[in-house]
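This report concerns only the one structure given below.
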Amino acid sequence: MGSEQSTPVDFEVGALKVNDDDKPYFQMSPDTLRISMELHQEAREKLSKSVRDSAEDYTVNSFLYFQGGRNQRRFDTDQNYVIFRQEAYFNWLFGAKEPGLSGVINVDTGDSILFIPRLPPSYEVWSGPLRTPDWFVRHYGVQECFYQDEIAQVLKERTCSTLYLMEGMNRFSYVRTHAPVFDGIEEFSVDKETMYPLAVAGRVIKTDRELEVIRFVTKVSSEGHKRVMRAARPGMMEYQAMSIFRYYCYMYGG
């Protein structure tokens, strides 16, 4: 579907890898925790079941739509304002690290599709070879991947009956999540009420894989604080203590 965007290649890079059994995982270095992409598959299946069981007048062939985080520019420059961090719910469900992504989940099966930006050839000059849709399928354990400008077409081909969107208020921060949009969304029947509370509840009770990640992060963070206490001296500035903590966490936690 769609035209090619240059001459993209498939390649292994950084922390995203595939093991000998052809199963993808995330690991920053041999000394850090290996996180299987099955963690996110379990989350997708869990949320899909919650929607099936809880939605009023649920109809088959429904999909959940999520929009990942976007890069933020520093004022009018071409520089990113902060180091990119993925939107929390998108990270929970897909584990994808790149900005500008979207994803859908088939509520009946839990199968998932990622949508990636159609980047210009000039992107390769600064950021290296373009990753193909096949690369995203292989490294994130999703069933399919297309470009962002194909979302409506893909959903039509799958005869989407209802599209569930995230919209609701965080009761701790009082920040409201507004339903995402894409070109052609007006052609679908959307539900903005059902999914948000179910997704929030779904992140409360952790799976065994999620608990393993929390234990690893807690161990690294605790050791980082211990390093700060050992190094603390009269007259030391707070930013210096913070630099010790950050150094340890980045160096040994990834």
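The values are calculated or read from the model by the stated rules, or taken from the named source; none is laboratory data. The structure displayed is predicted, hence computed values, not measured ones. Virtual Cβ from ideal backbone geometry, glycine too; neighbours counted across all protein chains shown. For the accessible areas, the whole protein counts, side chains as well, though only heavy atoms, and no ligand, DNA or RNA atoms are used. Shrake-Rupley method; radii C 1.70, N 1.55, O 1.52, S 1.80 Å.
The calculated P(r) of segment 157-254, using every Cα pair and 5 Å bins from 0, goes 2, 10, 13, 11, 9, 12, 12, 11, 8, 6, 4, 2, 1, 0 in percent.
Surface exposure of the chain, expressed per residue as accessible area with a 1.4 Å probe, stands at 60 Å².
The equivalent ellipsoid that matches the C-alpha gyration tensor of segment 41-162 spans semi-axes of 29, 16, 13 angstrom, in descending order. Along the axis of the charge dipole computed for the chain (Cβ charges of +1 for Lys and Arg, -1 for Asp and Glu, origin at the Cα centre), the listed residues 113, 184, 236 are led at the positive end by 236. Atom-type composition of the exposed protein surface of the chain places 53 percent of the accessible area on carbon and sulfur (1.4 angstrom probe).
In this structure the amide hydrogen of residue 164, modeled in the peptide plane, comes within under 5 Å of the amide hydrogens of 63, 64, 65, 191, none closer than 5 places in sequence on its chain. For residue 17, a cut-off of 20 angstrom between C-alpha atoms picks up these aspartates and glutamates, skipping any fewer than 8 places away in its own chain: 31, 38, 42, 98, 134, 144, 210, 212. With 10 Å bins beginning at zero, the pair-distance distribution over Cα atoms of segment 93-238 amounts to 9, 26, 29, 21, 10, 4, 1 %. Dividing the summed -39500 (n - 2.57) terms of all DSSP H runs of n ≥ 4 by the residue count of the chain sets its mean residue ellipticity at 222 nm at -10500 deg cm²/dmol.
Applied to segment 106-111, the Karplus parametrisation 6.51 cos²θ - 1.76 cosθ + 1.60 on θ = phi - 60° returns per-residue 3J(HN,Hα) values of 6, 5, 6, 10, x, 5 Hz, with x for Gly and Pro. Using all pairs of distinct alpha-carbon atoms, the Kirkwood hydrodynamic radius of the chain works out to 20.3 angstrom. Note on the chain: with a GNM built from Cα contacts shorter than 10 Å, the maximum mean-square fluctuation among 195, 237, 169 falls on 237.
Top mean-square fluctuation among 110, 68, 168, Gaussian network model of the chain, C-alpha springs under 10 Å? Its mean-square fluctuation being the largest, the pick is 168. Positive-end ranking of 170, 151, 123 along the dipole of segment 122-188, with charges on Cβ about the Cα centre, is headed by 170. With a simple spin-label model that places each label point 7 Å from the Cα along the Cα-to-Cβ direction, the separation between residue 213 and residue 187 comes to 3.4 nm. Put the Cα centre of segment 90-166 next to the Cα centre of segment 14-69 and the gap is 13 Å. The lysine pair count for segment 153-250, using Cα distances under 28 Å and pairs eight or more places apart or on different chains, is 4.
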